[in-house]
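Presented below is the structure to which this report refers.
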Amino acid sequence: MTRTEPAAPAVAAQVAAVAPPLPVKLVIAGGFGVGKTTAVGSISEIEPLTTEAAITEVAAGVDDLSHTPRKTTTTVAMDFGCITIDPTLKLYLFGTPGQERFGFMWDDIVEGAVGGLVIVDTRRLDDCYAAVDYFEHKQIPFAVAVNAFDGKVEHTLEEVRWALDVAERVPVVVFDARERGSVRDALLVVLEQALARSGG
Amino acid sequence: MADGSPPPGDPDPVGPAPAVRPFLVTAGRVAPTASGRPVPVETQVVATAEGLVVLDELDFEQHDIVAACRRPQSVAELAARLRLHLNVVRVLAEDLRAAGYLTVHVPDSGVTHDASVLRRVIEALRAIPDSRGVLRDSD
């Protein structure tokens, strides 16, 4: 393997025995049980791995004594997988932990991501609002993918778009988290968004 | 969670708890980078020749991390494979880097977001066939 240092060579005082690939990160978001891990597993070259991530939650209520929002950090499971593009480039897919009732910060996972895919179950649309808000707020390119459970979608894409109130430039597609080709195409939609944002 | 203990009443999301409290092995330190921000989860970590030479003299987690990093690993992969908390891996990786046993490659987001890089990812993804005939239904 040729020695390349795509990732911040200044950090490395010593010489690595093997040159690492440049990691490109996509984030898979959405409510609990919406198919994030299934989607990662459908296309990852490794069985999805699980690790713990620290999530800062801002509780919806306000502490009566201090009148400040309660902010707690909890540890949640995070699933991820990867696809080797070539020896110098690797795509990582990180699934955000599903959290529905809290505002929360995923910065620990999302920092540096090139884009996000928000998976939606049309029976529980409100589960994905937090993810949509997050990507919009962070100005991270993203697409919405409606997971067709059992091949069925209960609402049209226009209804989903209206309900989520996403900008016109945000793609809304239907996919099947169990099908590799379908997940691939949904990720490509996100990457095209990222490419457009990069000016490419 | 400054002290690394799980919140009360919250079940461990990934199975049996390790015997050692997560941050004991890092002497209480977290978020180690010079900039004060934790390195991204996809940051690549690789053993140095020196690290592999001294491998057998390293203890426990340090040994396991350097051994796993014979091949480049992301900090997230290390955490998952060694069943360590992400922030424990971050701290230990920084220690091992400072000792000269690992290199830590923080991705430059200017490079990863570059159009030429994104095009390479897109081309490679397009080449992935529809199915490999194996379905998983876990979530």
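Look at segment B:63-91: where a residue is under 17 Å from A:L91 (Cβ atoms) and a partner is part of a helix (DSSP H, G or I) and of a type outside the set (G, A, S), sitting 6+ places away or on another chain with Cβ atoms under 8 Å, you get B:Q73/B:R81; B:V75/B:L86; B:V75/B:V89; B:V75/B:R90; B:A76/B:L86. Between B:D130, B:D114, the distinction of being over 21 Å from the mean Cα position of the chain (by Cα), loosely packed, with under 14 Cβ neighbours inside 10 Å, within 7 Å of chain A (Cβ to nearest Cβ) and not aromatic (F, W, Y) belongs to B:D130 only.
Within this structure, B:E77 fails the test of being more than 8 Å from every other protein chain (Cβ to nearest Cβ) and either in a helix (DSSP H, G or I) or modelled with pLDDT under 95 (or both).
Considering only residues that are in a helix (DSSP H, G or I) and either more than 8 Å from every other protein chain (Cβ to nearest Cβ) or among the charged types (D, E, K, R) (or both), which ones fall in segment B:93-111?
First, the residues of segment B:93-111 that are in a helix (DSSP H, G or I): B:93-98, B:109-111.
Passing the criteria: B:A93, B:E94, B:D95, B:L96, B:R97, B:A98, B:G110.
Has segment A:164-172 got at least one residue that is at pLDDT 85 or above, closer than 14 Å to A:F32 by Cα and not in a loop (DSSP other than H, G, I, E, B)? No - not one qualifying residue is present in segment A:164-172.
Out of the residues in segment B:100-111 that are touching a residue at least 40 places away in the same chain (Cβ under 8 Å) and over 18 Å from A:P87 (Cβ atoms), which is farthest from the chain's Cα centre (by Cα)? Please lay out each step first, then the result.
Going through segment B:100-111, the residues touching a residue at least 40 places away in the same chain (Cβ under 8 Å) turn out to be B:100-107.
When the remaining residues are screened for being over 18 Å from A:P87 (Cβ atoms), the result is B:100-102, B:104, B:106.
Working: B:G100: 17, B:Y101: 15, B:L102: 12, B:V104: 10, B:V106: 11 Å.
Once the filter is applied, the top-ranked residue is B:G100.
Here is a yes/no grid of residues against (1) over 22 Å from A:S44 (Cα atoms); (2) touching a helix residue (DSSP H, G or I) at 6+ places or on another chain (Cβ under 6 Å); (3) crowded, with 21+ Cβ neighbours inside 10 Å:
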{"position": "B:Q44", "(1), (2), (3)": "no, no, yes"}
{"position": "B:E50", "(1), (2), (3)": "yes, no, no"}
{"position": "B:V53", "(1), (2), (3)": "yes, no, no"}
{"position": "B:F60", "(1), (2), (3)": "yes, no, no"}
{"position": "B:H63", "(1), (2), (3)": "yes, no, no"}
{"position": "B:V66", "(1), (2), (3)": "yes, yes, yes"}
{"position": "B:P72", "(1), (2), (3)": "no, no, yes"}
{"position": "B:A76", "(1), (2), (3)": "no, no, yes"}
{"position": "B:A79", "(1), (2), (3)": "no, yes, yes"}
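The one condition from (1) facing chain B (nearest Cβ under 8 Å); (2) at pLDDT below 65; (3) farther than 30 Å from B:A99 by Cβ that A:G33 does not meet is (2). Against the conditions (1) at pLDDT 95 or above; (2) among the β-branched types (V, I, T); (3) under 13 Å from the mean Cα position of the chain (by Cα), B:V53 satisfies every one except (3). For first residues located in segment A:63-88 and within 25 Å of A:E47 (Cα to Cα) and of a type in the set (G, A, S), partners that are surrounded by fewer than 16 Cβ atoms within 10 Å (Cβ to Cβ) and modelled with pLDDT of 55 or more and lie 6+ apart or on another chain with Cβ distances below 6 Å form the pairs A:G81/A:I46. When A:V114, A:V120, A:V58, A:V146 are screened for being in contact with a strand residue (DSSP E or B) (Cβ under 9 Å, 6 or more places away or on another chain), modelled with pLDDT of 95 or more and over 30 Å from B:Q73 (Cα atoms), only A:V146 passes. Within segment A:147-200, being β-branched (V, I, T) and closer than 26 Å to A:G112 by Cα holds for A:V166, A:V170, A:V172, A:V173, A:V183, A:V189, A:V190.
With respect to (1) in contact with a Leu (Cβ under 8 Å, 6 or more places away or on another chain); (2) modelled with pLDDT under 95, the lone exception for B:I122 is condition (2). Determine, yes or no, whether B:L84 is assigned to a helix (DSSP H, G or I) and of a type in the set (A, V, I, L, M). No: the conditions fail for B:L84.
The values are calculated or read from the model by the stated rules, or taken from the named source; none is laboratory data. Keep in mind that what you see is a predicted model, and the values were worked out from it rather than measured. Virtual Cβ from ideal backbone geometry, glycine too; neighbours counted across all protein chains shown.
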